[in-house]
Amino acid sequence: MTEGLRERKKREMRRLLSDTAARLFLERGFDAFRVADVAEACGVSEKTVFNYFPTKESLVLDQLETTMSALRTGLADPSVPPVQAALRILDTGLTAMTTGVATSGDPGSALDGYRRFGELIGSSPSLRAYQSDTMDRFVAVAAELLAERIGLHPDDPEPQIAAAALLGLWRVQFQSLRRHLATTSDPAKLHTEVTSDVHRAARLIEHGLASDWHPPRSEFG
């Protein structure tokens, strides 16, 4: 469907608010900027900001809501295996990030920004708590969708453990990004290394701990 003018303006405003918040976050840290600062920089009221983002944490970590929407769509399709759906969502986000870095005109600075962003999240208890709470929401949504696909209740053991395992891939990607951002300035190499880590974890989910599970020889000789 063609996006209407009203929807486009709302999307553009949401993007402006989140981009401004990200800039202030990088410049000052989480505690040192206010939602009012974002509103002033964007020429809107503080109430308008809260109409788009209910909390300061959601304003900084707005991408998590995009992930939630993608999760609902991807896992609801019974024709796509759950692990494959999760990998598609993760790769879409990673590709958008590395492509943006590669075309930014200054990949080094762009990657430094991502490194700094991750460090600041790690140093903020409220942002870490928000991330953790959101991951719990992701698991609950995934359990509901997976249970519906196989005719079980979301609280049954199978959808619960499957959902937790699938969402573990997001944690693997986050940790892999943080690790590889510290050692590479090449967005293509970053994409390859992070994807490799995520796919290793995905293979374990698909085959299970009872399979012939062992660390890759390249790490241990």
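Things to note:
- Residue within segment 32-49 that is more than 24 Å from P125 (Cα to Cα) and among the hydroxyl-bearing types (S, T, Y) present: yes
- Scan of segment 21-65 for residues that are crowded, with 16+ Cβ neighbours inside 10 Å, in a loop (DSSP other than H, G, I, E, B) and either in contact with a Phe, Trp or Tyr (Cβ under 9 Å, 6 or more places away or on another chain) or without any contact (Cβ under 8 Å) to a residue 12 or more places away in the chain (or both), ordered by number: F33, L61, D62
- Residues satisfying the stated conditions in segment 80-105, i.e. among the hydroxyl-bearing types (S, T, Y) and over 11 Å from the mean Cα position of the chain (by Cα): T95, T98, T99, T103, S104
- Contacts under 6 angstrom Cβ, first residue in segment 189-208 being in the same structural domain as Q84 (by TED's automatic domain parsing), partner small (G, A, S), 6 or more apart: V194/S176; D197/S176; I205/A165
- Yes/no for A85 being in a helix (DSSP H, G or I) and in contact with an Asp or Glu (Cβ under 9 Å, 6 or more places away or on another chain): yes
- Cross-chain or 6+ apart pairs with Cβ under 7 Å, segment 123-151 first and in the same structural domain as T73 (by TED's automatic domain parsing) and surrounded by 17 or more Cβ atoms within 10 Å (Cβ to Cβ), then among the polar types (S, T, N, Q) and assigned to a helix (DSSP H, G or I): A143/Q160
- Among the residues making up segment 31-73, those that are over 17 Å from A129 (Cβ atoms) and among the aromatic types (F, W, Y) are F33, F50, Y52.
- The residues of segment 152-173 that are crowded, with 17+ Cβ neighbours inside 10 Å, in contact (Cβ under 8 Å) with a residue 24 or more places away in the chain and of a type outside the set (G, A, S), listed by number, are L166, L167, L169, W170, V172, Q173.
- A count restricted to segment 66-82 and to residues that are over 15 Å from L167 (Cβ atoms) and not polar (S, T, N, Q) stands at 5.
The values are calculated or read from the model by the stated rules, or taken from the named source; none is laboratory data. These numbers come from a predicted model, not from an experiment. We place every Cβ from the backbone using ideal geometry, glycine too, and count neighbours over all the protein chains shown.
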